[in-house]
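Engineer: After the C-alpha cells below, expect a handful of questions from me.
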Amino acid sequence: MELKNLTISQVRNGLKNKEFTAKELVKSFLAHIEKEDEKVHAYLSTTEKLALEQAEKVDAKIAAGLEIGPLEGVPCAIKDNIMVEGEKCTAASKIMANYVAPYDATVIRKLKSAGVIFLGKTNMDEFAMGSSTENSAYGPTRNPNDLERVPGGSSGGSAAAVAADECVFSLGSDTGGSIRHPASFCGVVGFKPTYGAVSRCGVMAMASSLDQIGPLAKNVADCKAVFDVIKGKDPRDATSTNFPAAKNHEPKTNDLRIGLPKEYFAKGLDPEVEKSVKAAIGKLTALGAKIKEISLLHSEYALACYYILMASEVSANLARFDGIKYGVSAISDKQSAPSDLLDVYLKSRQHGFGDEVRRRVMLGTYSLSSGYYDAYYLRAQKVRTKIADDFKKAFAEVDLIMTPVAPTTAFKIGEKIDDPVTMYLSDIYTVPVNLAGVPALSMPCGKAGKLPVGLQIIGPHFSEELIFQVAQTIEDAMRS
Amino acid sequence: MFDVAHIAKLARLGLSQEDEKKFAKDLTAILDFIDKLKEVDVEGVEPTLQAAGLNSVMRRDEGIKRQEESRKKLLANAPEAKDDYIKVKAVFGE
C-alpha cells in the first residue's frame, strides 16, 4: 500500500485494521517530503519530533484496544501563519524568521484533541499577501502538476502539499480566495467557511473582517471531516459564531436551483476553463438540478473595494511588527545601529517586510489617512454593503451559485510578479465571497491541457451542509 | 500624485530612494484601478461595519493572569529583554 496517497477514511481503516502503525505512516510521509519537497518546496519546516510523539500516543491507544476518532493519527500540514506551540511560525516573512509560537491557535488545539498529527508548516505568500506564493521570503512553491508554474496563493504551500501527497490534508487561510485559488490551481478541494464559523485565535491577522481558516484536502468528504472538527464559537475570538441549528429540509439534487452569475462568465475567462466548469455543472442538471442565470451586479467593483478594505486592515494589523515585542529587529543590528526609537521601527520594517507587504501597508495607510478616509475607506465599506446585498438577492432566487474559481489555470512563475494589478485580477471570482462573508468551496472539475480547473460553489451564510452535499454529488458523478 | 515618502513615514516604513521610485509607480497604477469605485452610487447606503452580523460582544473586564512559564515564552521572543522587561530605546529625548 502506498501510504502517502491515503485519504482520511483510508488512514483510519488502515490504523484500525493494523495494516500500518501511526509511526510508520508518519515516517513514510517524512521520507516522501524529504524526497519530493526539494522540487515542490511546499514546506517551510517540518515538525518531526512533534509528529513522532503524537504518532506514539495514537499507537499506544490502538495497542490498548481503545477506539480511535475519525481524524486520529491523520498526518496534516499547517499554513505557517497559524501557531503551533513550540514550533517556528514565520508567515513566510523575514521579520518573523526566529519567532517561536508561545501557544496553540484554537484550530490547532481542536485538531490536537482530535488526535491529528502535524508534519510541518507550509509555505505561503508573506503574511498571506499574494496570488502565487512567489511573495514568500523563503522562495516560491512550485505547482506539482507543472513545476514551471505557480501553485496559486496565498495558501500555495498547503495546496501543493496535498497535491504532491506530502500530507493527507492541510489548513490554509482565505482572505480574498487564498484557499480556493491554490486549491483550483493544484487540483485539490479547498473550503472557505462562513465568516466567523471558525475561530481565528492564534492566526496571524491579515485583514480581520475577511480572514477565514479552512481545510484543503484530496476529496470533499475529507474537507468536511476537518471542517466539522475546527468549527464553532470560541471565547477567544469575539467575531466567531455558533452554527445555527441545521435546517430540516435541505433541497435534494432534483429540485436544486443553481445560479450562474452572468458577470462571471464574461470577457477574460479562458474558454477551456469555462468548458470544464460548465461540464461539471452539467452533471448536476442531468440529475434534475435547474440552472438560472443571475446577476451579481456589483461584481466589477469587488476587487477595487477589496483592495481598499484589505489594505486598510493590513496597515493596522501589521503595525504590531515593530521590532520591539518579537521578530527580527534593527535594535540588534550592530552594523547600522538605529539612532532612536523611530529608527528602530523604520529599519526593522524596511528590512523585515517584502515588497508586496510594504505596498499594501502604504496603500492602507493612504486610504485611512486624513482627507482620504471618506473617499476611499468609507466609500469602499458602502460598496461592500451593495456587494453583500447582491448575494442576498441572488440567494432569494437560487440555492447555490456556481462559478469558475479563477479566470485561467496556473500561470508561469515570474509571469505576473512585476505587475501588481494584473496579479490582483487572479482573485476576481473569489474576492466577492469574502466581502459578503458567505461560504464557498473549490473543487477540481477537470483539466485544461495538463492543468487542473476549479469549480467554485458558493452558498448563503451557514449553508456548509448543502455545499458539501452538492459537491459530493458532483465528485461522485465525475468519478462514474 | 502619490507622496510615497510622506505615506511611508506615516506607516513607519523605511524606504530607499530606489524603493520610493518603484512604489510610486506601483501605487499610482493601483490607485488608478481603485478609482473605479467612484462610479458606484452609494447615496444612502450604510457602510458594512461588522462582517459577521454581531453586535457589541462583551467579556468580563478582567486581565489574564500569566503563569511564569508563559511569560518566559513571550519574553524569549523579544529582540532585547532585561529581567522581566522588554528593552526599548529611550522614548524621550535628552
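The values are calculated or read from the model by the stated rules, or taken from the named source; none is laboratory data. Just so you know, these numbers come straight off a predicted model, no measurement behind them. For neighbour counting, all protein chains shown are included, and Cβ atoms are generated from backbone atoms with ideal geometry for every residue, glycine included.
Engineer: From the list A:Ala221, A:Ala225, A:Ala280, which residue is touching a Cys at 6+ places or on another chain (Cβ under 6 Å), at pLDDT 95 or above and farther than 23 Å from B:Gly53 by Cβ?
Structural biologist: Result: A:Ala280 is the single residue among A:Ala221, A:Ala225, A:Ala280 that is touching a Cys at 6+ places or on another chain (Cβ under 6 Å), at pLDDT 95 or above and farther than 23 Å from B:Gly53 by Cβ.
Engineer: Further, regarding this structure: I'd like to check something: does the range A:381-402 contain any residue that is within 22 Å of A:Gly156 (Cβ to Cβ), touching a helix residue (DSSP H, G or I) at 6+ places or on another chain (Cβ under 9 Å) and either in contact (Cβ under 8 Å) with a residue 40 or more places away in the chain or buried (at least 18 other Cβ atoms within 10 Å of the Cβ) (or both)? Lay out the reasoning, then the answer.
Structural biologist: Initial filter on the range A:381-402 (within 22 Å of A:Gly156 (Cβ to Cβ)): none.
Among the residues of the range A:381-402, not one is within 22 Å of A:Gly156 (Cβ to Cβ), touching a helix residue (DSSP H, G or I) at 6+ places or on another chain (Cβ under 9 Å) and either in contact (Cβ under 8 Å) with a residue 40 or more places away in the chain or buried (at least 18 other Cβ atoms within 10 Å of the Cβ) (or both), which makes the answer no.
Engineer: Tell me the helices (runs of 4 or more DSSP H) entirely within the range A:1-115 that contain at least 1 residues that are more than 24 Å from A:Met204 (Cβ to Cβ) and of a type outside the set (Lys, Arg). Give the steps one after another, and end with the answer.
Structural biologist: Working: elements: A:8-16, A:22-40, A:48-63, A:106-113.
The qualifying helices (runs of 4 or more DSSP H) are A:8-16, A:22-40, A:48-63.
Engineer: Pairs needed: first member in the range A:123-144, on the phi > 0 side of the Ramachandran plot; second member anywhere, outside any loop (DSSP other than H, G, I, E, B); C-beta distance under 6 Å; at least 6 residues apart or different chains.
Structural biologist: A:Phe127/A:Val357; A:Ala128/A:Ser173; A:Gly130/A:Glu356; A:Thr133/A:Gly156
Engineer: Then there is this: Where residues in the range A:438-451 are buried (at least 23 other Cβ atoms within 10 Å of the Cβ) and of a type outside the set (S, T, N, Q), which of them is nearest to B:Ile34 (Cα to Cα)?
Structural biologist: Checked the range A:438-451; the qualifying residue nearest to B:Ile34 (Cα to Cα) is A:Val438.
Engineer: Give the residue, chosen from A:Tyr376, A:Tyr326, that is in contact (Cβ under 8 Å) with a residue 40 or more places away in the chain, outside any helix (DSSP H, G or I) and within 8 Å of chain B (Cβ to nearest Cβ).
Structural biologist: Among A:Tyr376, A:Tyr326, only A:Tyr326 is in contact (Cβ under 8 Å) with a residue 40 or more places away in the chain, outside any helix (DSSP H, G or I) and within 8 Å of chain B (Cβ to nearest Cβ).
Engineer: Condition check: facing chain A (nearest Cβ under 7 Å), under 21 Å from the mean Cα position of the chain (by Cα) and closer than 23 Å to A:Asp237 by Cα. Does B:Leu13 satisfy that?
Structural biologist: It is false that B:Leu13 is facing chain A (nearest Cβ under 7 Å), under 21 Å from the mean Cα position of the chain (by Cα) and closer than 23 Å to A:Asp237 by Cα.
Engineer: Going by the structure shown, is A:Leu466 within 14 Å of chain B (Cβ to nearest Cβ) and under 28 Å from A:Val188 (Cα atoms)?
Structural biologist: On the way: within 14 Å of chain B (Cβ to nearest Cβ): no; under 28 Å from A:Val188 (Cα atoms): yes.
The answer is no for A:Leu466.
Engineer: Pick out the one residue from A:Val421, A:Val431, A:Val361 that is closer than 18 Å to B:Ile30 by Cβ, within 14 Å of another protein chain (Cβ to nearest Cβ) and at pLDDT below 95.
Structural biologist: Details: A:Val431 fails: at pLDDT below 95; A:Val361 fails: at pLDDT below 95.
Within the list A:Val421, A:Val431, A:Val361, the selection yields A:Val421.
Engineer: OK, next. Return yes or no: is A:Phe169 within 30 Å of A:Val58 (Cβ to Cβ) and of a type in the set (Phe, Trp, Tyr)?
Structural biologist: It is true that A:Phe169 is within 30 Å of A:Val58 (Cβ to Cβ) and of a type in the set (Phe, Trp, Tyr).
Engineer: Does A:Val421 satisfy being in a helix (DSSP H, G or I), out of contact with any helix residue (DSSP H, G or I) (no Cβ under 6 Å at 6 or more places or on another chain) and hydrophobic (A, V, I, L, M, F, W, C)?
Structural biologist: Spelling it out, it is not the case that A:Val421 is in a helix (DSSP H, G or I), out of contact with any helix residue (DSSP H, G or I) (no Cβ under 6 Å at 6 or more places or on another chain) and hydrophobic (A, V, I, L, M, F, W, C).
Engineer: With respect to B:Lys87, is the statement that it is charged (D, E, K, R), exposed (fewer than 12 other Cβ atoms within 10 Å of the Cβ) and farther than 21 Å from A:Ala316 by Cβ true? Full working, then the answer.
Structural biologist: Values: charged (D, E, K, R): yes; exposed (fewer than 12 other Cβ atoms within 10 Å of the Cβ): no; farther than 21 Å from A:Ala316 by Cβ: yes.
So B:Lys87 fails the test.
Engineer: When you look at A:Gly282, is it in a loop (DSSP other than H, G, I, E, B), without any contact (Cβ under 8 Å) to a residue 40 or more places away in the chain and more than 10 Å from every other protein chain (Cβ to nearest Cβ), yes or no? Reasoning before the result, please.
Structural biologist: Details: in a loop (DSSP other than H, G, I, E, B): no; without any contact (Cβ under 8 Å) to a residue 40 or more places away in the chain: yes; more than 10 Å from every other protein chain (Cβ to nearest Cβ): yes.
No: the conditions fail for A:Gly282.
Engineer: Follow-up question, since we're still on this one. Kindly indicate the residue of the range B:51-83 that is farther than 29 Å from A:Asp234 by Cβ and more than 23 Å from the chain's Cα centre (by Cα) and also farthest from the other protein chains (Cβ to nearest Cβ) among those meeting that condition.
Structural biologist: Filtering first and then ranking leaves B:Asp83.
Engineer: Sticking with this one: Could you please give the count of residues in the range A:33-78 that are more than 23 Å from the chain's Cα centre (by Cα) and not basic (Lys, Arg)?
Structural biologist: Going residue by residue through the range A:33-78, those that are more than 23 Å from the chain's Cα centre (by Cα) are A:34-35, A:48-50, A:52-69.
From the residues that got through so far, the ones that are not basic (Lys, Arg) too are A:34, A:48, A:50, A:52-56, A:58-60, A:62-69.
Selection size over the range A:33-78: 19.
Engineer: Which count do you get for residues in the range A:331-354 that are more than 7 Å from chain B (Cβ to nearest Cβ), in contact (Cβ under 8 Å) with a residue 24 or more places away in the chain and in a helix (DSSP H, G or I)?
Structural biologist: Qualifying residue count for the region: 3.
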